[in-house]
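Heads up: the structure comes next, in structure tokens.
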Amino acid sequence: MGHSSASASIQLLSLIILLGILSLETIKLGFCSDDHNVGCIDIERKALLKLKQGLTDPSGRLSSWVGEDCCKWSGVGCNNITGRVNMLDLHNRDWFDYYGATEHGFDGEINPSLLVLKDLEYLDLSLNMFVGVQFPSFIGSLEKLKYLNLSRTYFVGVIPPNLGNLSRLLYLDLKSFGSLETDLQWLATLSSLKYLNLGYVNLTKTTSYWLPAVNMLHSLVELYLPSCSLPMLPLTLPSFNFTSLSVLDLSDNKFTSTIPPWLFNLTKLENLDFAFNNLIGKLPDSLGYLKSLRHLDLSGNSLEGAIPESLRELSSLVSLHISDNKWEGAITEAHFVKLRSLKEVSIGNYPSTISLVFNVSSDWIPPFKLRYLKIRSCQLGPKFPTWLRNQTELTTVVLRNAGISGTIPDWFLQLDLQLEELNFADNQLSGRVPNSLRFSHASTVDLTSNRFEGPLPLWSSNITWLYLRDNLFSGPIPHNIGQVMPNLKSLDISKNSLSGSIPLSLGNLSHLHYIWISNNLLSGEIPHFFDYIPSLRIIDMSNNSLSGEIRHFWNNSPFLLSIDLSNNNLSGTIPRSLGSLTLLQFLGLSSNNFSGEVPSLKNCTNLYVLDLGDNKFSGPILASIGESMPNLRILSLRSNSFTGSIPLKLCGFLALRILDFSHNNLSGNIPHCIGNLSGMKSELENHFNSLGRFELVSKGRVLVYDYYSILHLVTSVDLSDNKLSGEISIGLTSLVKLGTLNLSMNHLTGIIPANIGNLESIETLDLSMNKLSGSIPQSMVSLTFLNHLNLSYNNLSGKIPTGNQFQTFVDPSIYEGNPGLSGCPLPTGCQNNEGAPQVPSGDEGEDDDSKLEKLQFVISMVIGFCAGFWGVFGTLAVKRSWRYAYFHFLDKVTNAVLYFVSTIGTYPQKRS
């Protein structure tokens, strides 16, 4: 909301600048004045036609570029008197997507023929799609330019330093998509500049120079440098020139400093955005100097301490965003006493620790009327905040993790708010949720993790995102939920006590992307309504008691990205049509009763996670599973009845991080090509953000992770409890980033590979219950991260290595069942003085230095004893009260011991 206000300010200033240019009588856009029969210059017309020839124009926006008079062409402006082109506005008017232009945008190349337009003052090519095209360096030669807008054009490369030639520029917008870079050396000569936007341009090379360069622009009014990878925020300036600044956006950079003192000299500042940096320290009282400030955003930093009461001096403030910091102390009525214009407030801490308290009286009437209120991880409760009684204009209400209990009061319902967002998540609210709440278009409701009970509430068709997870809702899912809320895109009603079957009306939700109905008491079959939801992204029905088969579930859902039906009682076979979902990224069917063979999934080329564990699948593991899944990160077939050998084609999973085939009936050798799993050889960035949970067995425990969080943190190979034979594959020892290796309960023979010490990241290693022989390799001593080891019940022999982590493995069960092993912690070959150097008896061989060291040691011992003895007993001899207390204490201890000994004989003897 605050950004929309800032955007309006930007547009207003841009309009003022544009009007200042267009107000000149010499400007003409798209047509010639009746008073001046002047057509365009022929050489310029030809230059524009060359420009058109180099552009790809999918929507025909340049169809008007015909005829002799180029001044009448769309987007072309000419001087009334000379007929020369001085304005070219080709920005994409149909652009609306944050991530890029629509199909109506130009692409191709920008022809240098524009250099013919010697009088060009205004050039706007923004929001087009010149993907991969180098930044047009010739633009720096258009020396009469006053307005240049190339924002979001996808140009790449280095911004040429000859832009410094454009000394007449008033407006410069080069906002990028992260594919441009520059050092700002050219900026100092643009002395007339009023508006500068270099958002997302890489400024890493500027170090601390960027601020002195900007400081030379004494006419600058608006400065935008968000997401520029600025390495530092200088705390001092030798001189201070850009005092006219009204907008300063330095959000999302890499600052780790305190807020610089020079900032409070910007007394004309209206919009200040330092969001999403790592600013530290406390917010200074001098904040109150910025009396013109209307929009303040310091969210997403590491600011700490109390919020200063000088905040109240910002009497012009409209939006205040200071959430996701480390605030402490209290917020009182004094903070807000002068903030009568306030419309937006976002306050809160990150992480979720509550260390900030709202300390206001129950009868407080705020001086403002908010539209937007977000308070997270602040103590507002335990009662519902009564100061909201007069906030009748609210459209966004977020009171998340605010320590509120009790029910939603009737007076809140009587405010009759038209809400865009309602979020009471992570509180202790109880009772029934009223159906009388009203919502506007595309609204979000989040009541996650409370104690609401009764039936699921139903609201208007305007609800788009609905999260009711982790409550006490009971009864069936309303049978008409699909008719009442047909615009739902996300539905999370997991972790409740819902019963009954899945209603058929959910099939009406044609816009549904995500559905989570896990951890309930649902039963019956899964209806076929999913066949008619082409936009569905995620399905999660885990932890239910659902029964029945999945049939034709996805026949008409080609756009499915993620399916999670784990932890249910589903049965039957997997339909072969599932293999046709070419966009599928996540498939979780674990902890059910599925049986039969797994169908071919060779067309699911985009899978990241395949989890079929804890079912009743049988037959061989199909080689087709690994034919073409280059992105697969997790493959779990654990606890089934798969037979046969491990297919060699599975070695093609180069991105694999977790491989779990444990508790099956697999036989044959471990493939040597398992060493090709390069995802376990290097760090892997996490590009997968699908939602769900994954159970991983490690260190003898079942660990539960979120899918999106484990992919770059956990690596594991678990082939335990099968019938695998042969030697341990030497390829395993090349997986240097492997964290868990479990080969236990198989029929493996041969020796432990000598270079197993290459597994530098291994934390869990279990080779127990095999037929391994030979000694424990000495290289294992170098496994400094190893904290869980099991080598029991093999045929290992020789001495147990010592040093490093092996000194901590004191449990004999780690090595039991290996009769040939010796050394600590086994009783065989383990003496108290094992490994200690042998000291010869007597004084034979001792030199004079050794004897002198012994004498010095004895003397120091005697002196230390005397000092310690007289330090205690000397004091008792001198201090009578201490002596009395000391011997009184000894008497009490003696009596207690004698009493304990005397009572032992009175206890009844245990019968044999």
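Every test in (1) in a strand (DSSP E or B); (2) touching a residue at least 40 places away in the same chain (Cβ under 8 Å) is passed by Val736 save one, and that test is (1). Among the candidates Ser299, Ser319, Ser292, Ser323, the residue that is outside the structural domain of Ile259 (by TED's automatic domain parsing) and surrounded by fewer than 22 Cβ atoms within 10 Å (Cβ to Cβ) is uniquely Ser292.
Inspect the stretch 833-848 for any residue being of a type outside the set (S, T, N, Q) and at pLDDT 85 or above and give the result as yes or no. No, the conditions are met nowhere in the stretch 833-848.
The set of residues from the stretch 593-630 being free of Cβ contacts under 8 Å to residues at least 60 places away in the same chain, in a loop (DSSP other than H, G, I, E, B) and within 18 Å of Asp660 (Cβ to Cβ) comprises Val598, Leu601, Leu607, Leu612, Asp614, Asn615, Ile621, Leu622, Met629. Farther than 19 Å from Asn520 by Cβ, at pLDDT below 90 and not assigned by TED's automatic domain parsing to the domain that holds Asp410, is that true of Ser494? So Ser494 fails the test.
Would you point out which residue out of Ser5, Ser59, Ser33, Ser9 is more than 50 Å from the chain's Cα centre (by Cα), modelled with pLDDT under 90 and of a type in the set (Ser, Thr, Tyr)?
Residue meeting the stated conditions: Ser33.
Residue check: is Ile814 at pLDDT 90 or above, more than 18 Å from Asn742 (Cα to Cα) and not basic (Lys, Arg)? No; evaluated as a whole, the condition is false for this residue. Selection of the stretch 504-528 for residues being at pLDDT 80 or above and surrounded by fewer than 18 Cβ atoms within 10 Å (Cβ to Cβ) yields Leu504, Leu521.
Residue check: is Pro238 modelled with pLDDT under 95, loosely packed, with under 15 Cβ neighbours inside 10 Å and assigned by TED's automatic domain parsing to the domain that holds Thr206? Spelling it out, Pro238 is indeed modelled with pLDDT under 95, loosely packed, with under 15 Cβ neighbours inside 10 Å and assigned by TED's automatic domain parsing to the domain that holds Thr206.
Given the structure, is Ser251 exposed (fewer than 15 other Cβ atoms within 10 Å of the Cβ) and part of a loop (DSSP other than H, G, I, E, B)?
The answer is no for Ser251.
The residue that is farthest from the chain's Cα centre (by Cα), counting only those in the stretch 366-418 that are in a loop (DSSP other than H, G, I, E, B) and aliphatic (A, V, I, L, M), is Leu415. Residue pairs whose Cβ atoms lie under 7 Å apart, separated by 6 or more positions or on different chains, with the first residue in the stretch 413-425 and under 25 Å from Leu472 (Cα atoms) and the second among the aromatic types (Phe, Trp, Tyr) and crowded, with 20+ Cβ neighbours inside 10 Å, are Leu419/Phe439.
Look at the stretch 464-516 and say how many of its residues are aliphatic (A, V, I, L, M), part of a strand (DSSP E or B) and more than 22 Å from Ser562 (Cβ to Cβ).
Number of matching residues: 1.
Could you look through the stretch 205-224, keep only residues that are among the β-branched types (Val, Ile, Thr) and at pLDDT 90 or above, and pick out the one that is nearest to Leu237 (Cα to Cα)? Among residues in the stretch 205-224 that are among the β-branched types (Val, Ile, Thr) and at pLDDT 90 or above, the one nearest to Leu237 (Cα to Cα) is Val214. Across the stretch 803-818, the number of residues qualifying as part of a helix (DSSP H, G or I) and more than 17 Å from Glu763 (Cα to Cα) comes to 2. Among the residues of the stretch 562-592, those identified as in contact (Cβ under 8 Å) with a residue 40 or more places away in the chain and in contact with a strand residue (DSSP E or B) (Cβ under 7 Å, 6 or more places away or on another chain) are Ser562, Asp564, Ser566, Leu570, Gln585, Phe586, Gly588, Ser590.
Inside the stretch 335-349, can you point out the residues that are closer than 24 Å to Leu279 by Cβ and free of Cβ contacts under 8 Å to residues at least 60 places away in the same chain?
Within the stretch 335-349, His335, Phe336, Leu339, Leu342, Val345, Ile347, Gly348, Asn349 meet the criteria.
Residue count for the stretch 612-628, restricted to those that are under 34 Å from the mean Cα position of the chain (by Cα), modelled with pLDDT under 90 and within 26 Å of Asn569 (Cβ to Cβ): 1. Within this structure, Gly596 fails the test of being more than 32 Å from the chain's Cα centre (by Cα), under 23 Å from Ser744 (Cα atoms) and among the small types (Gly, Ala, Ser).
The values are calculated or read from the model by the stated rules, or taken from the named source; none is laboratory data. Given the structure is predicted, the values throughout are model-derived calculations rather than measurements. Heads up, the Cβs are rebuilt from the backbone with ideal geometry, glycines too, and the neighbour counts pull from every protein chain shown.
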